[in-house]
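The values are calculated or read from the model by the stated rules, or taken from the named source; none is laboratory data. Keep in mind it's a predicted model, so treat the numbers as computed, not measured. Heads up, the Cβs are rebuilt from the backbone with ideal geometry, glycines too, and the neighbour counts pull from every protein chain shown. Areas reflect the complete protein model, heavy atoms only, side chains present, ligands, DNA and RNA absent. Shrake-Rupley method; radii C 1.70, N 1.55, O 1.52, S 1.80 Å.
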Amino acid sequence: MPIPSRIAAAERELSELLAYPQERLATIIKEVGFRCDCCSRCCTRAFNGHVFLLDRDVARAREIDPESIEPAPYPEFCDQNGTFYVSGYALKAKDDDSGSCHFLENNRCRIYDNRFSICRVYPYMLHREPDEQGKLDWRQIAGLDKHGEYHTEIPESLCQEAAAETREYETACIRQEISFLTYIQDYFSRNQLRHVQKTYDDRMRGFASGDEIRIMVFWSSRLEEHRICNAR
Ligand code: SF4
Ligand code: SF4
């Protein structure tokens with residue numbers, strides 16, 4: 001999809017999200033009554049392929065441990081010279097059997113009080129995904145019935161707090177994506193660059209076989225350069 005269409009689609013998504021009543025989300029949180037049983041699977045690749053960070057979380061991760069982040073996987077673009085572009089950073093996973101988060105130790109988060117936005121709101125979410133029939137509908141709980149406990153009593157104030165935090169997190173994600181797309185549109189135009197899918201596919205195949213790639217990561221309204229190979 002061309003970049004202007006992607007920006008327009010993200011802006012529509014943002015308007016729909018802002019129009020979603022927070023009260024409705026709080027009611028669903030109350031009805032589902034989810035309680036975390038601290039199994040820690042969401043801090044491993046068993047549950048989450050990667051943990052994407054908002055700009056503000058990247059700044060904090062760098063303060064805590066600069067080695068804790070890496071360019072997020074699945075870059076959105078690759079130009080005709082073979083340089084990739086991705087909208088942000090993700091938490092590094094350890095090279096253990098479960099691909100556990102850099103900060104997970106003995107099944108506990110060692111920065112729990114300082115954990116990042118996504119770690120705070122999970123498993124609550126608020127975006128639209130297609131159901132089995134392909135019909136787009138809102139989803140509010142990730143991995144429903146696959147983890148944790150249900151139908152527990154959650155105080156009204158906590159439901160409201162979780163709903164507000166979740167909606168704020170989701171809007172921040174979309175705003176970050178819109179900023180990235182707008183920046184890339186302008187950057188490509190100024191530097192006579194264009195996305196080339198074939199170059200993307202060729203370079204990704206090379207990357208999978210151990211070649212180094214150059215990747216530009218969008219952070220704090222600029223691009224940061226990295227060179228990575230598949231020993232991640
Ligand atoms: S949120 Fe779910 S997956 Fe994560 S630790 Fe709690 S119960 Fe386990
Ligand atoms: S920072 Fe903590 S809560 Fe977040 S994924 Fe890592 S271990 Fe889990």
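Show me the strands (runs of 3 or more DSSP E) entirely contained within the stretch 117-232 in which 3 or more residues are at pLDDT 95 or above and open to solvent by 80 Å² or more (accessible area, probe 1.4 Å).
It comes to 222-228.
Have a look at Ala162, Ala208, Ala172 and point out the one that is closer than 16 Å to Pro73 by Cβ and of a type in the set (Gly, Ala, Ser).
Only one candidate passes the filter, namely Ala208.
Here is a yes/no grid of residues against (1) small (Gly, Ala, Ser); (2) closer than 30 Å to Met125 by Cα:
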site	(1), (2)
Cys173	no, yes
Ser189	yes, no
Val196	no, no
Arg203	no, no
Ser209	yes, no
Leu223	no, yes
His226	no, no
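Only residues in the stretch 101-115 that are more than 14 Å from Arg41 (Cα to Cα) count as the first member; pair them with residues that are within 12 Å of ligand 1 (Cβ to nearest atom) and not in a loop (DSSP other than H, G, I, E, B), Cβ under 6 angstrom, at least 6 apart or cross-chain, and list the lot.
What qualifies is Arg115/Cys109.
Please list, ordered by first then second residue, the pairs with beta carbon atoms under 9 Å, 6 or more apart or interchain, first in the stretch 193-211 and at positive phi, second part of a loop (DSSP other than H, G, I, E, B) and not aliphatic (A, V, I, L, M).
Gly210/Cys229; Gly210/Asn230
Among the residues of the stretch 101-111, how many are under 15 Å from Val51 (Cα atoms) and either open to solvent by 90 Å² or more (accessible area, probe 1.4 Å) or within 12 Å of ligand 1 (Cβ to nearest atom) (or both)?
3
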